[in-house]
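The values are calculated or read from the model by the stated rules, or taken from the named source; none is laboratory data. What you are looking at is a predicted structure, and each value in this text was computed from that prediction instead of being measured. All Cβ positions, even for glycine, are placed from backbone atoms using ideal geometry, and neighbour counts span all protein chains on display. For the accessible areas, the whole protein counts, side chains as well, though only heavy atoms, and no ligand, DNA or RNA atoms are used. Shrake-Rupley method; radii C 1.70, N 1.55, O 1.52, S 1.80 Å.
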Amino acid sequence: VQLQAFGGGFVQAGGSLRLSCAASEHTFSRGAMGWFRQAPGKEREFVAAIRGDAGMYYYHDSVKGRFTLSRDNAKNTVYLQMNSLKPEDTAVYYCVGRAIWNAQYHNPRNYEHWGQGTQVTVSS
C-alpha cells in the first residue's frame, strides 16, 4: 500500500491549506488514517486521525477547532483542512495508515504505512 500526500506549501499566519492523502488500495476501512508532523529538532507529533470502522475523529489539542479531517471513501483519500495556521504549525506533515484499528492512534509506532511527507511553512 502506498500513501501519497499533497498540498503542502507556504502561507502567512492566519491562512489556510488543505492536505490530501491518497491510498493506493482501500485497506483502511477497519483501521485508521491520519496525519503526523515533525518540526526541525522535534519529535514526530500526532495531528489527527480517523477511525475507519466507526467514522470517529481524533485531534491533538493544539489543532482542535482549527484543523478538520475528512475522507472520501470512493477515492481512498483523506483530507486535512488547516485553518488559522500559526507559525508553530510549521513542519513536515506525514500521512499514515493502519489496517486494523486500536486505541494507540496517537503513537507513530502504531502505523504500518507512511506517506512521503509534505512541507508546511507558516510565516509570522
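Computed values, structure above
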{"read-out": "Qualifying residues in region 93-124 (those that are open to solvent by 50 Å² or more (accessible area, probe 1.4 Å) and of a type in the set (G, A, S)) - the one farthest from A22 (Cα to Cα)", "value": "S124"}
{"read-out": "Residues of region 95-109 that turn out to be touching a strand residue (DSSP E or B) at 6+ places or on another chain (Cβ under 6 Å) and either in a loop (DSSP other than H, G, I, E, B) or among the polar types (S, T, N, Q) (or both), as a count", "value": "3"}
{"read-out": "Number of the condition not met by R44 [criteria: (1) out of contact with any Pro (no Cβ under 9 Å at 6 or more places or on another chain); (2) open to solvent by 20 Å² or more (accessible area, probe 1.4 Å)]", "value": "(1)"}
{"read-out": "Flag if A54 is among the aliphatic types (A, V, I, L, M) and assigned to a loop (DSSP other than H, G, I, E, B)", "value": "yes"}
{"read-out": "Scope region 1-36; condition touching a helix residue (DSSP H, G or I) at 6+ places or on another chain (Cβ under 8 Å), at pLDDT 95 or above and open to solvent by 50 Å² or more (accessible area, probe 1.4 Å); matching residues", "value": "A13"}
{"read-out": "Check on L85, open to solvent by less than 50 Å² (accessible area, probe 1.4 Å) and under 11 Å from the mean Cα position of the chain (by Cα)", "value": "no"}
